[in-house]
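Notes to accompany the following structure.
Please treat every number below as a calculation from the coordinates, not as lab data. Model, not experiment: these values are computed from the prediction. Backbone-built Cβ (ideal geometry, glycine too); neighbour counts: all protein chains shown.
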There are 2 protein chains.
Amino acid sequence: MSVSDIGAERALVDRWHGLLACHAAVWGALERELQSRHGIGVSEFEALEGLAGCGHDKCRAAELAEAVHLSQSATSRLTARLERAGLVQRAMCDVDRRGIFVLLTEKGRDLYEAARPTHREVLAEALPGTEQAVGL
Amino acid sequence: MSVSDIGAERALVDRWHGLLACHAAVWGALERELQSRHGIGVSEFEALEGLAGCGHDKCRAAELAEAVHLSQSATSRLTARLERAGLVQRAMCDVDRRGIFVLLTEKGRDLYEAARPTHREVLAEALPGTEQAVGL
DNA sequence: AGACATCTAATGCCAACGCATTTAATGAAG
DNA sequence: CTTCATTAAATGCGTTGGCATTAGATGTCT
């Protein structure tokens, strides 16, 4: 392994640790603020955002899983939590009765609109700019 | 809110989503490879790395918590797992008998040395370079 | 039509986390 | 020396997550 390879490895690992630190800091701050001000967690918020940022309601559980970066099972339970809280509604999918549609309720949309400024505010404060993020 | 503010908010949120996606992808890949090839998870590896990259053993549970970005309680249990696996050892701290030192055993160091190439390999493959990371 | 591989989402089960609390040690104040 | 606030780490408890499995639906092949 050459000297420059060692340097490259260092840089790679440093970038990873930077990412971990940044993720932990921002996630933690979001969790704290979203939970205390609106009673939801980060995953819940990301799910609402995914649903809000679509057609006008939205659909397919599988798409939601991709949006929130969770497993299929975790997404199913997340949907169940949101449904219990009255924020989303599950609906049968006519064209494929195995699948379901998840749609935002009015309450869900309202909560999302209310929580979004908090979310953006925390990001603006806790998410380092590009320069810092890449460790230059 | 001005047009450029909207653009800035978009950029901020995009950066966050990019970070989430990257974190999920790399963490997932690391978890899979470290688990299947060496029988440890990402947190375990990061703990071993934190311990290895210090004096020559290492210490203080609180420092470890910071290194792995976990809560105090989670770090305590992580240490317990590593100890059960024979990878670390807890030792009394003479100067402050409330605290403990966590030190790498020989087995722990060997496993770390064995797992490190896997770790670096996964990072090299899954961690996007600076350009992609910032979405340019 | 009937049998079978495939796919979607839900659920059982267990591991790992965080918060709150507990236990024990320290250090400062009376 | 005793008391009390503070600190370090461990533990009880509830929540969330992933893996494996299950139940139900689809569609392909004969």
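Values for this structure:
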| read-out | value |
| --- | --- |
| Amide H contacts under 5 Å for A:Val88, placed H, 5+ residues apart | A:Glu83, A:Thr105 |
| Relative contact order of chain B, defined on C-alpha pairs under 8 angstrom at six or more residues apart (%) | 29 percent |
| Using θ = phi - 60° and Karplus 6.51 cos²θ - 1.76 cosθ + 1.60, couplings along the stretch A:105-118 (whole Hz; Gly, Pro as x) | 7, 5, 4, x, 5, 4, 5, 4, 4, 6, 7, 4, x, 4 |
| Highest-fluctuation residue, B:Arg97, B:Arg120, B:Arg60 considered, GNM on chain B with Cα pairs under 10 Å | B:Arg97 |
| Where labels lie 7 Å past Cα in the beta-carbon direction, separation of B:Asp5 and B:Arg120 in nm | 4.9 nm |
| The stretch B:3-133, Cα convex hull volume normalised per residue, Å³ | 138 Å³ |
| Per-pair calculated FRET efficiency, R0 = 45 Å: B:Ala91 and A:Gln72 via Cβ, rounded to 0.05 | 0.55 |
| Structure-based [θ]222 nm, the protein assembly as shown - -39500 (n - 2.57) summed over DSSP H runs of at least 4, per residue, nearest 500 | -22500 deg cm²/dmol |
| Descending principal axes extents, the protein assembly as shown, alpha-carbon based, whole Å | 60, 39, 38 |
| Positive-end residue of A:Val13, A:Ala24, A:Val95, charge dipole of the stretch A:3-133 with Cβ unit charges | A:Val95 |
| ³J(HN,Hα), Karplus 6.51/-1.76/1.60, whole Hz, each residue of the stretch A:40-53, x for Gly, Pro | 10, x, 5, 4, 4, 4, 4, 5, 4, 5, x, 5, 5, x |
